[in-house]
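See below for the structure under consideration.
Bear in mind that the values in this text are calculations on the coordinates, not laboratory data. The model shown is predicted, which means the values in this text are computed figures rather than measured ones. Every residue, glycine as well, gets a Cβ built from its backbone with ideal geometry; the counts of neighbours run over all protein chains shown.
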Amino acid sequence: MSERTLVLVKPDGVKRGLVGDVLARVERKGLTIVAMELRTLDADTAKAHYAEHAEKPFFGELVDFITSGPLVAMVLEGHRAIEAFRTLAGATDPVKATPGTIRGDHALQIGENVVHGSDSPESAAREIKIFFPDRF
Ligand code: CMP
């Protein structure tokens with residue numbers, strides 16, 4: 001079952017020079033990059049992307065962080081791409097992420113966890129539309 005997912009290398013990942021490492025893992029896994037862009041989000045786009053977290057206590061921090069510098073947004077395509085990328089990324093909390101995963105290898109703090117990947121087909125469709133309107 002081929003599907004698409006929206007992946008971000010967040011500003012911490014870009015600043016730390018981890019874009020190449022993330023792309024290498026994605027390509028090695030066999031997922032296909034079908035769109036990719038370096039951009040800095042404005043607050044409105046960030047709030048739209050993270051709308052499901054609007055009521056969380058860390059929402060302000062999340063928006064400040066994701067708009068703090070350039071990120072790399074990409075659409076990946078492949079067999080069960082959503083779950084495949086989330087497995088590559090590891091647990092949201094990097095302390096719990098298994099070594100060998102992106103977060104397990106590169107992060108410690110939950111707010112600065114290097115990558116984002118859509119968590120469901122509905123989220124993927126919504127997030128892809130925010131980052132790449134009219135492309136798919
Ligand atoms: P992400 O997959 O981008 O989706 C929502 C993000 O919120 C998540 O990764 C974390 O980076 C962030 N997040 C989750 N919990 C917290 C928290 N307690 N404090 C700060 N950020 C958080």
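Only one of the numbered conditions (1) more than 10 Å from the ligand (Cβ to nearest atom); (2) under 13 Å from L6 (Cβ atoms); (3) not polar (S, T, N, Q) is violated by G104, and that is (2). Taken over region 122-136, residues that are surrounded by 14 or more Cβ atoms within 10 Å (Cβ to Cβ) and either among the charged types (D, E, K, R) or over 21 Å from L23 (Cα atoms) (or both) amount to 6.
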